[in-house]
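Laboratory data are not the source of any read-out in this text; all were calculated from the coordinates shown. Computed from a prediction, not measured in an experiment: that's the story for all the values here. Cβ sites come from the backbone with ideal geometry, for glycine too, and all protein chains shown count toward neighbours.
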Amino acid sequence: MENEKIYLHYDMDAFFASIEQRDNPSLRGKAIAVGSGVVTTASYEARKFGVKSAMAMANAKRLCPHLKVIYPRKNFYFLEGEKIQNLIKKVIKIYEFTSVDEGYLDITQFILAENQTRARKISKIKRFIKKFKEYIYKNMNLTCSVGIGFSKVSAKIASDANKPNGFFIFEDKNHFVNYIFEKDFSIIPGIGKKTKEILNFDFGATKVSQLYEISRNELIRKFGASRGEYIYDVIRGEHFSKINVDKKRKSYGYEITFNQNVNEIYELQEELRAQVEKICQKLKEKKEFVKTITVKIKYSDFTGHTRSKTLENTTNDEKLIYKVALENFSHFVKKDEVRLIGIYVSNIFKRSFIQLKLIDET
Ligand code: TTP
Ligand code: MG
């Protein structure tokens, strides 16, 4: 196939809970849940008792009386997730991290070669998975599950097929369709609660197999073009989306809440200047460039406003970003009794030539 791609999706196993078990040997092999009022995640030992994410802790305790409850260390888990991402970035250049513990990698170049037999391809994939899992384990002492597919979505479904610490490979579309056919359609990512209800209610569908009976037009009529087409294509193994390496997190920034009203414009401008400085430092560290700059303001009566400007070109220039911030700020009619001021940047890019260079290196 001309445009054949091989995607890997990784998903860390019981991420928060595994970190706790790793760092506290007395928790290993035990049923634990991380959370306070609600379970954020449970160890696989606890899942055997039916303990699940988003369950009230009291219910979890009822299902599993010996459950050990661990108060979350959210910042630490986030940093651990970032460590994993940095490890991956060192060895694979086409990546997209979709949450703290999962992401997509394009591994086509490591696998495909001309005139290669199917058996050879599969054995290369298996070797790659083994190396990948060992690499993460050796460095993090954590296990993950891995899925391989011909599209991002097929790789994601594959990574769920043999959890925990497993892997699964979709060799092609047929293999994929056969696998999902008899499954509940909740196996398809992106079919949310509302869509699910409509599919249940209007079409009497609960299984993927039943979705093949609905025409493309009907799906579009019910769900709109984008979601309708997605559902139609995805169950046929025909939904393809690219890994977007350039586009990073949607936005970030800084804001400050004052203890009392601030009425002086220069004081607010000074605060913005300090925030811009911090943002630009971060942009330079991360080698990122932005197009959109937003200023946010809140008044003593809790009303709030934002003002954004999108530039023609990407920038990380402190003077320019500060100038745009001031311009945004000048558009607020009221500039006193301010309780919060902040600045956010979005439309974040990595310069594409940097990325291309990296790809050439591998
Ligand atoms: P998941 O990957 O969904 O779950 P998991 O890693 O705990 O387990 P699995 O082996 O099934 O992948 O989520 C990653 C982390 O995100 C999880 O450890 C806890 C956190 N999380 C929440 O904080 N709230 C939630 O509702 C969910 C689902 C997860
Ligand atoms: Mg996970």
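Cut-off 10 angstrom, C-alpha nodes, Gaussian network model of the chain. Which of Ile348, Ile84, Ile256 fluctuates the most?
Taking springs between Cα atoms under 10 Å, the residue moving most is Ile256.
To the nearest 20 debye, what charge dipole does region 55-105 have about its Cα centre, counting +1 at the Cβ of each Lys and Arg and -1 at the Cβ of each Asp and Glu?
Details: 9 positive and 5 negative charges, 48 e Å.
Approximately 220 debye in magnitude.
Which of Tyr44, Tyr77, Val245 sits closest to the plus end of the dipole of the chain, meaning its Cα is farthest towards the positive end, when Lys and Arg get +1 and Asp and Glu get -1 on the C-beta?
Tyr44
May I ask you to derive the FRET efficiency for Thr303 and Lys323 from their Cβ-Cβ distance with R0 = 35 Å, giving the value to the nearest 0.05?
0.85
Within a Cβ distance under 12 Å of Gly342, other residues only, what is the Lys/Arg minus Asp/Glu net charge?
Values: positive: Lys278, Lys296, Lys298, Arg307, Arg339; negative: Glu255, Glu271.
Residues close to Gly342 contribute a combined charge of +3.
Just report the Cα centroid separation between region 81-157 and region 293-341, whole Å.
Answer, in whole Å: 41.
For the chain, what is the percent of antiparallel DSSP beta bridges, rounded to the nearest 5?
Here the antiparallel bridges make up roughly 90 percent for the chain.
Suppose R0 equals 51 Å; then what is the FRET efficiency for Gln210 and Tyr266 from their Cβ-Cβ distance, rounded to the nearest 0.05? It would help to have the intermediate numbers written out before the result.
Numbers: r = 65 Å, r/R0 = 1.27.
Working from the Cβ atoms, E equals 0.20.
Once label points are set 7 Å from the Cα along Cα→Cβ at both Lys173 and Lys242, what is their separation, rounded to one decimal in nm?
If labels sit at Lys173 and Lys242, their model points lie 2.1 nm apart.
How large is the charge dipole for region 219-318, taken about the Cα centre, if only the Cβ atoms of Lys, Arg (+1) and Asp, Glu (-1) carry charge, to the nearest 20 debye?
With only Lys, Arg, Asp and Glu charged at Cβ, the dipole is about 680 debye.
Take Ala54 and Tyr137, extend 7 Å from each Cα along the Cα→Cβ direction, and tell me the distance between the two endpoints in nm.
Taking the two extended label points, one gets 3.1 nm.
Report the GluC sites (Glu not before Pro) located in region 1-38 that are in a DSSP loop and have at most 10 other Cβ atoms inside 10 Å of their Cβ, or state none.
Glu2
Put +1 on the Cβ of every Lys and Arg and -1 on every Asp and Glu Cβ in the chain; which of Ile188, Pro65, Val290 then has its Cα farthest towards the positive end of the dipole?
Going by the charge dipole, the pick is Pro65.
Among His66, His175, which comes first, second and so on when ranked by fewest other beta-carbon atoms within 10 Å?
By the 10 Å Cβ count, ascending, the order reads His66, His175.
Check cross-link reach from Lys282 to the lysines: straight Cα distance under 21 Å, and skip same-chain residues fewer than eight apart.
Lys83, Lys89, Lys90, Lys247, Lys248, Lys250, Lys291, Lys296, Lys309, Lys319, Lys323, Lys350
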